[in-house]
Amino acid sequence: MMFLVSVYRIFKTAMVSLWRNRLLSLAATLIMVMTLFTISFFASVLFVTNKTAAYLQDKADISVYFNEDVTKDQIFTLQNTLLARSDIKNVDYISKEKALERWKDWQGKKYTDSENGLQDVINETSNPLPRSLDVKADKPEDLDKINAFLSSDEIKPIVRHVSYEQNKIVIDKLIKMTDFLKNIGWSLSVLFLLISILIIYNTIRLTIYARSDEIEIMKLVGASDWYVQGPFFIEGTMYGLLSSIISSFILYAAIKYSLPGVESYLGAAGAQSIFSGINLGAIIGIQLAVGLVLGTLCSGFAVRKYLKV
Amino acid sequence: MTEDIAQKTKIKKAVAEEQSGKPKQKDSGDVVIEFHNVYKTYQGKINAVVDATCNFSIGEFISLVGPSGAGKSTLIKLLTCEERPTSGKILVAGRDITQLKKKELPYYRRKVGVIFQDFKLLPRKTVYENIAYALEVSDATNEEIHDRVPKIIELVGLSNRAFAFTEELSGGEKQRVSIARALVHNPKLLIADEPTGNLDPVSTWEIIELLFKINKQGTIVLLATHDKEVVDTVERRVITMRDGKIVSDQEKGKYLF
């Protein structure tokens, strides 16, 4: 019973201290917010880049666009020929309607915004978009061969455009970038995490140093170790809690802000598929966990130093 | 100036009354604290306390005097277990406190009241909270705290300042809070380490009077001080230290240095 009263007192002391030392608490919290935000922002960027690369890679490796005068039969013949190849995984036929749909998705708000006038130029009745075949290769190495086949004399006449070369450059760049990021990503993440832990630990140490006279007096008056440590533990936990909540809000805002940018790059559907992967709950959860754990542990360790009276 | 003299006269009168054969406290005279050949040396070179041997009995009012560096504060630190002696024994109520384990220290510290020259009050807490803290720390119930704290605040004369913050108090008031806090557990021993060092003359006498009041109720008061006037006026036992040694121990002493 007495134990509960003590716990209550420790909790109350912590809260009152936080309030009465509010400038100090605010400073420490802000530093933690910046640190936490940096880690999660970096993690998010890494995640988004990875996902973007995967998304783009998953799209057709090669798109074959057809002239308007080519017949459906000719297209299907080509499709079957391609499907018969061992180095091709899949071939999808994209009709004019489907092409329109995809294009509308890509444009997102820009299309539905009637002021643009886009709706007048491209719609169901007046559809200038060509039909195409989305060709997915088994392995990226085979793309060259497939491209060569599509450029051969038999195929060339009906083909209006093969998107290989342009895609290739972009995808290559993306692959290089993601590989690079993957390699250094891990080491950088660990580095960032270490730096953050150090920053948070030292910040809390400084706040406790600022109150070391208090600790000395508490011991002199006969407080047991845990009675002295308790409030500081809780204060550290509160720092962690508060800073991770604030950091999550900022991250959320950052994501919302960057969404239009990503949309224009990848199309609305693409952006959605990437960001849907970012489970906001998970991010907040992880931040909370890191913040709480760090806050509490750091306080605990930092106070011990002063308990040697 | 006149207040000064008035205070002094008041105390002198109180002392005189003591002398005039008033009935003694029950079990006064029992030895409660014993120093046996206590040495404290820092880093093998600095001899802070050298061969200290003396006893304190219930009801005594002892002034511990000596120049700076004589060892007064060290002796006090040994009594509060802030430091351990290099050799020798210190018995308090029959128990050798030099052998106390770390986890027993808080319990011992709650039995000895200490006040310091720099008050050592918890910052950003009120008078009430400072005193209550000393009780909270020993798992007193809320009822006990509600009961005792106002009484102690009244004893030291701070009823009208009970909810002032430490930062808002004057030196004299701060020292009263320290005393109140030290009394919270009804200690048998109250140690005052230069309590009036930071106070003006009037506050000084007020504090001494308060200490006297407490002593009359049976608490041993050990007053370490530089203040010659205080020592000479109080006319009680005086232990003089110099260079770590106890050089004089007089029943009705005077400030010798």
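The values are calculated or read from the model by the stated rules, or taken from the named source; none is laboratory data. From a predicted model like this one, the values you see are computed outputs, not experimental measurements. Cβ atoms come from the backbone with ideal geometry, glycine included; neighbour counts cover every protein chain shown.
So the values come out like this:
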| item | result |
| --- | --- |
| Residue within region A:183-200 that is modelled with pLDDT of 80 or more, more than 34 Å from the chain's Cα centre (by Cα) and β-branched (Val, Ile, Thr) present | no |
| Qualifying positions in region B:31-58 - closer than 13 Å to B:Ile76 by Cβ and basic (Lys, Arg) | B:Lys40 |
| Hits in region B:128-170 - residues which are more than 14 Å from chain A (Cβ to nearest Cβ), within 25 Å of A:Val228 (Cα to Cα) and acidic (Asp, Glu) | B:Asp147 |
| Whichever residue in region A:228-264 is within 14 Å of the chain's Cα centre (by Cα) and hydroxyl-bearing (Ser, Thr, Tyr) and, among such residues, is surrounded by the fewest Cβ atoms within 10 Å (Cβ to Cβ) | A:Tyr257 |
| Residue in region B:221-243 that is surrounded by 19 or more Cβ atoms within 10 Å (Cβ to Cβ), closer than 23 Å to B:Lys40 by Cα and over 15 Å from the mean Cα position of the chain (by Cα) present | yes |
| Check on B:Leu78, within 19 Å of B:Ile246 (Cβ to Cβ), assigned to a strand (DSSP E or B) and aliphatic (A, V, I, L, M) | no |
| When residues of region B:128-183 are limited to those that are of a type in the set (Asp, Glu) and within 19 Å of B:Arg110 (Cβ to Cβ), the one farthest from the chain's Cα centre (by Cα) | B:Glu143 |
| Residue count for region A:190-233, restricted to those that are free of Cβ contacts under 8 Å to residues at least 40 places away in the same chain and at the interface with chain B (Cβ under 8 Å from one of its Cβ atoms) | 8 |
| Residue match in region A:86-107 (condition: at pLDDT below 80 and not in a helix (DSSP H, G or I)) | no |
